[in-house]
Every structure is written in C-alpha cells, then in structure tokens.
Amino acid sequence: MKKKPVQICIFLILSLLFTSCGQAETAPEQENTTPVETPEPEPAPPETEEELRQAIGQLGQGEEALKREYYEQLFYMDVFQEADYEALAQLYAHMGETALQRDILSKALRLYPSRETALQVSAIVVEENGENQEMAELARQIMEALDLHDTAALRELTARDDWRRILQDGMLGVETKTRYRQGEDLLQIAADGAWAEITWLGAEGRFCFYRGDEHGAVLGETVLTESAYSGAVTVIHSDGEGNVTRSYTGTLREGVCVEQISIEYQGVTYTGKLNDDGTTAEEQYAKVAEAGGVVYAYTGDGKSYLYQENADPGAFRLDAVSLGLPEYTEWR
C-alpha cells in the first residue's frame, strides 16, 4: 500500500511531460520589413513676383483659373506690366467675365493710352442679368423713362455719375456697350461721355429707343418683328434744351410708313396720306413738282405743306430710318 503514492506521482509527471510535448510551439512574430515611403512635401505656393511669373510660365492649357489667380496676385502687388493687363483680359474673356475684361482694359488704357486698346474696350459687350443690384436699378429707371417717353428723365440719367461709373468704368471718349437681359426685357446701351443710344426690346416685340447727347435727342416706340419694324410708331425729336422740334405718329409696315402719318413741326400739325407701298397719296403742288420735290403732308386747311427736295413721287417713301429709328442689331 505504501508504493501507490509514488506510482501516482510518476504517472502525473509523465502525463504533464507528454502534454507539453504535444503542444505546438508558437513562432515569434515577424517584424514588418516593407519599406514605407515618406511623401514628399508639396511645394510652397508662389509668393514673390519672380515665383509667380515663373509659375505662370509653367502652367499649360486647362489651368486658366490658376493662371488668373497668379495674375491677380501680381496686380494687387502693384507690379503689373503692360503685357500683364492684356494677358489677364484674355483670361477674363476666355472665362466669359466680360465686365472684368472691360475693367482691366480700361485700367490699362489710362496707364498706356493707345488706339488699339480703346478699340478693344469698345468691342466688348458686357453681359448683365440682374445680379448686379446697381445695374438692375439703373435698368429699371431706363425702362420706366422709355415707357413714359420721358426724354428729360433719360437726359438726366445719362448725365449722372453712377451712369458713367456703372456703364463706362468712368471713361470718357471711349464707347462702351452693355447688354442687360431680365425675363423678356433686353436692353442694349452704348455710351460715350454725354452721348448714349439705348434700345429696349420687350414682350411681343415692343421696341423703344433713345439716342441723344447735349445737343439733342430722339426717342420713340414701335413694334419690331423678326424681319423689320411693323406696327404703330411714335418718334419725338428734341433740341438741347429739351424742346420738341418735330414728332411723327403713324404706322410702319416692313420698315416703311403706310396709310397715314401725322407730323408735328414747329408747333404745327401736318397730315399725309400714304399708299400701301409707302409712296405719297397727296396731291402734288405744281410749284414743288417743277422744282423736283415731293409734297407728303398738308395742314388741315391745306395752306401749308411739308415736302422733300430732289425726290421723285414714284420713288420717295418715308421709312423707319428717315423717322429716326435705329438700324437694330442684337449684340453678340
């Protein structure tokens, strides 16, 4: 009986030994030896004039936005050169930023006056759509004055400082063009100092216009179809003091006056009958015919008349141009 504990102990020791031998030995973890590439630091953006000019020279097609940014930095650093103005203007044109294009060229024109730059400025049509609140308010006032046939209001508008600042970039002696579109309304404004020509094409072909300077003005309204002026027409001519010198009221068909025309001239009203082809239907005064003229309107009592010198009754016509309407073309 005394030998049993010894046997049990030996058995336990052997069991532990066999168990230890049967366990898999855990391999030591291997260290990751894959090389890790350290990213190269991005180059610092150009800051100095030299760095900016070098960066501009390295930019290619499709990087116009960054090129514009660098040129604008040079401009605000006050290191712009004459060629830089032209380069930035071309970038603005490429991006459709016509207002910025005209603005930068107007600055160049002040510093480096040239006929070429002046012509470039005049050729630009600045597009406005109502987002510029100052321009939107100015357009509202223009259309209101045109709607009322208010020549005095338009003369006042075109003489204001904000007119020259918004539409002419403060320039004198250089014609500028601005096109304003809002809904069905399209305004085209050409301006040069005191002179301005404005056209307003509205809904259903309603067409109003103003052209004037310190010496006088013409204002009118008719209907513009796809091919020509056709519809009721009113045109008013005024002198530099705002006095009406003559006015026309009648009907246009394909740009030619037809049916009847009423003319106010020097405070007297004249009326003329017209054929369907625009030629006069009035009786010709012999003395005028002998002198090679054509009578086209008489006063109510028939004692006074208006006539055109050096004209043939079969060829003479009153048309839109002779009344004073502009030859309209939509700017592109």
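Computed from backbone phi with θ = phi - 60° and the Karplus coefficients 6.51, -1.76 and 1.60, the 3J(HN,Hα) list for region 62-79 is x, 10, 5, 4, 5, 4, 4, 4, 5, 5, 5, 4, 4, 4, 6, 7, 6, 10 Hz; x is used for glycine and proline.
Per DSSP H run of n ≥ 4, the term is -39500 (n - 2.57); total these for the chain, divide by its residue number, and report the mean residue ellipticity at 222 nm rounded to 500 deg cm²/dmol.
On the way: 11 runs with 118 residues, N = 332.
Per the formula, -10500 deg cm²/dmol.
The alpha carbon centroids of region 176-227 and region 285-305 are separated by 35 Å.
Using the Cβ-Cβ distance between residue 185 and residue 40 with R0 set to 51 Å, the FRET efficiency from 1/(1 + (r/R0)^6) comes to roughly 0.35.
Net charge dipole, the chain: roughly 1220 debye, given to the nearest 20, about the Cα centre with Cβ charges of +1 for Lys and Arg and -1 for Asp and Glu.
A 1.4 Å probe run over region 87-146, with the rest of the protein chains in place, finds 51 Å² accessible per residue.
Using a Förster distance of 56 Å, how high is the FRET efficiency between residue 87 and residue 276, based on the Cβ-Cβ distance and rounded to 0.05? All intermediate terms of the calculation are to be shown ahead of the outcome.
Numbers: r = 58 Å, r/R0 = 1.04.
Calculated value: 0.45.
Annotation: extensible slack from residue 75 through residue 112 equals 11.8 nm (criterion: 0.36 nm per residue apart, minus Cα-Cα distance).
Got a number for carbon plus sulfur as a percent of region 284-332's accessible area, 1.4 Å probe? Don't skip to the answer; put the middle values down first.
Numbers: 1400 of 3040 Å².
Looking at region 284-332 in its full context, I get 46 percent from C and S.
Oblate is the label for region 202-319, because a/c, from the alpha-carbon gyration tensor with a ≥ b ≥ c as root eigenvalues, is 1.5 or above and a/b does not exceed b/c.
In terms of Cα atoms, the Rg and Dmax of the chain work out to 40.8, 171 Å.
Each residue of region 169-179 is assigned a 3J(HN,Hα), and the resulting list reads 6, x, 8, 10, x, 10, 6, 10, 10, 9, 10 Hz, derived from the Karplus form 6.51 cos²θ - 1.76 cosθ + 1.60 (θ = phi - 60°), x at Gly and Pro. Taking the charge dipole of the chain about its Cα centre, with +1 at Lys and Arg Cβ atoms and -1 at Asp and Glu Cβ atoms, the residue from 281, 104, 210 reaching farthest to the positive side is 104. Only lysine pairs 8 or more places apart, or on different chains, with alpha-carbon atoms under 20 angstrom apart are counted in the chain, and they number 5. A simple packing score, the average count of other Cβ atoms within 10 Å per residue, orders the peptides 153-162, 249-258, 127-136 as 249-258, 153-162, 127-136, with the highest score first. When the chain is described by a simple charge dipole with +1 on each Lys and Arg Cβ and -1 on each Asp and Glu Cβ, the residue from 196, 56, 222 located farthest towards its positive end is 56. Largest first, the extents of the alpha carbon coordinates of region 88-225 on the three principal axes equal 42, 33, 27 Å.
Let me spell out the model: positive unit charges on the Cβ of Lys and Arg, negative unit charges on the Cβ of Asp and Glu, origin at the Cα centre of region 71-193. What dipole size does that give, in debye rounded to 20? Write down the numbers at each step before the final one.
Working: 12 positive and 24 negative charges, 68 e Å.
So the dipole magnitude of region 71-193 works out to roughly 320 debye.
Put a dot 7 Å past the Cα of residue 241, heading toward its Cβ, do the same for residue 287, and the two dots end up 3.0 nm apart. Which stretch or stretches of region 244-278 have amide N atoms under 20 Å from the point lying 7 Å from residue 226's Cα along the Cα→Cβ direction? Once the point is set 7 Å along Cα→Cβ of residue 226, 253-256 turn out to lie under 20 Å by backbone N, inside region 244-278.
The values are calculated or read from the model by the stated rules, or taken from the named source; none is laboratory data. Computed from a prediction, not measured in an experiment: that's the story for all the values here. Neighbour counts are summed over all protein chains in view; Cβ atoms, including those assigned to glycine, are modelled from backbone coordinates with ideal geometry. Protein only, heavy atoms only, side chains kept; ligands, DNA and RNA dropped before computing areas. Shrake-Rupley method; radii C 1.70, N 1.55, O 1.52, S 1.80 Å.
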